[in-house]
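Reading through the structure tokens given below for one structure.
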Amino acid sequence: MELKTARLTILIDPNKKAAFEALCAQQDRTASQVIRQLIRDYLTQHGVDYVPSGLNLDETVEGKPATAKKPARKKSSQRDTTSPARRRTVRRGA
């Protein structure tokens, strides 16, 4: 499962949208779930490899993503204690 998401906006006939949403509701799935599955199937059908967001290339096995893991949280002694305003100033080169 992807750890990050991006928005995809499409234009569709209102009647087709209503029929699609009704069918999704009958199947107890959201429209987003169905569309994400359609996209995965389409990529697979056309032989397109991809790594789900949040995973590294070395975390894949035989073209299939490994189980997603949350990044380890830094120990308090390793955390950056610089204020956010100071970090922005440093990044801007001031």
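Once both labels are modelled 7 Å past Cα along the beta-carbon direction, what's the Gln27-Ile10 spacing in nm?
1.3
Going by how many other beta carbons lie within 10 Å of each one, how would you line up Ile12, Ile39, fewest first? Can you show the working numbers first?
Numbers: Ile12 9, Ile39 12.
If I rank by nearby Cβ atoms, fewest first, I get Ile12, Ile39.
May I ask you to work out the translational diffusion coefficient for the stretch 1-54 at 37 °C, viscosity 0.692 mPa s, via Stokes-Einstein with Rh from the Kirkwood sum over Cα pairs, reported in whole µm²/s?
Numbers: Rh = 12.8 Å.
It comes out at roughly 256 µm²/s.
Please work out how much length the chain gains when fully extended from Ala19 to Leu3, using 0.36 nm per residue of separation minus the C-alpha to C-alpha distance, in nm with one decimal.
2.8 nm
Readers should treat all values here as calculations from the given coordinates under stated rules, not as data from a laboratory. It should be emphasised that the depicted structure is a prediction, and the values quoted were computed from it without experimental measurement. Please note: Cβ atoms are built from the backbone with ideal geometry, for glycine as well, and neighbour counts cover all protein chains shown.
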